[in-house]
Amino acid sequence: MPLLNSGRVELLDLPLLTAQLCGLERRTARGGRDSIDHALGVHDDIANAVADVLVHVANKSAPIGIAAEMHAQVRGRPAYRQSRASFF
């Protein structure tokens, strides 16, 4: 959340990712420790993968590049040729 709220990162506009992130629930155990997990019967694999990537790259000073072909594939469009990675 701090990375998103500070504007340091932007997420792709993917309905499945949005649904999984919005479906996460915070629970507090008796000892006062918080945990964040999905509801029963709901998946959060994509949200976990995205969160893991964000944690690993949070301390990098350079922008993270995504190859144009991968970006197009995630968006569900045919890939287009581009010599350099597209940054966002």
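The values are calculated or read from the model by the stated rules, or taken from the named source; none is laboratory data. What you see is a predicted model, and the numbers here were worked out from it, not measured in a lab. In this analysis, Cβ positions are derived from the backbone assuming ideal geometry, glycine residues included, and neighbour counts consider all displayed protein chains. Accessible surface is based on the protein model in full, side chains and every heavy atom, while ligands, DNA and RNA are left aside. Shrake-Rupley method; radii C 1.70, N 1.55, O 1.52, S 1.80 Å.
If you scan the range 3-19, which residues turn out to be hydroxyl-bearing (Ser, Thr, Tyr) and under 14 Å from Ala49 (Cβ atoms)? Quick ask: steps written out before the conclusion?
The initial filter retains those residues of the range 3-19 that are hydroxyl-bearing (Ser, Thr, Tyr), namely 6, 18.
If the condition is that a residue be hydroxyl-bearing (Ser, Thr, Tyr) and under 14 Å from Ala49 (Cβ atoms), then no residue fits.
Just checking, does the range 34-47 include any residue being at pLDDT 85 or above, surrounded by 12 or more Cβ atoms within 10 Å (Cβ to Cβ), hydrophobic (A, V, I, L, M, F, W, C) and within 13 Å of the chain's Cα centre (by Cα)?
yes
From Thr28, Thr18, grab the single residue that is closer than 24 Å to Ala72 by Cβ, open to solvent by 50 Å² or more (accessible area, probe 1.4 Å), modelled with pLDDT of 90 or more and of a type outside the set (Gly, Ala, Ser).
Thr18
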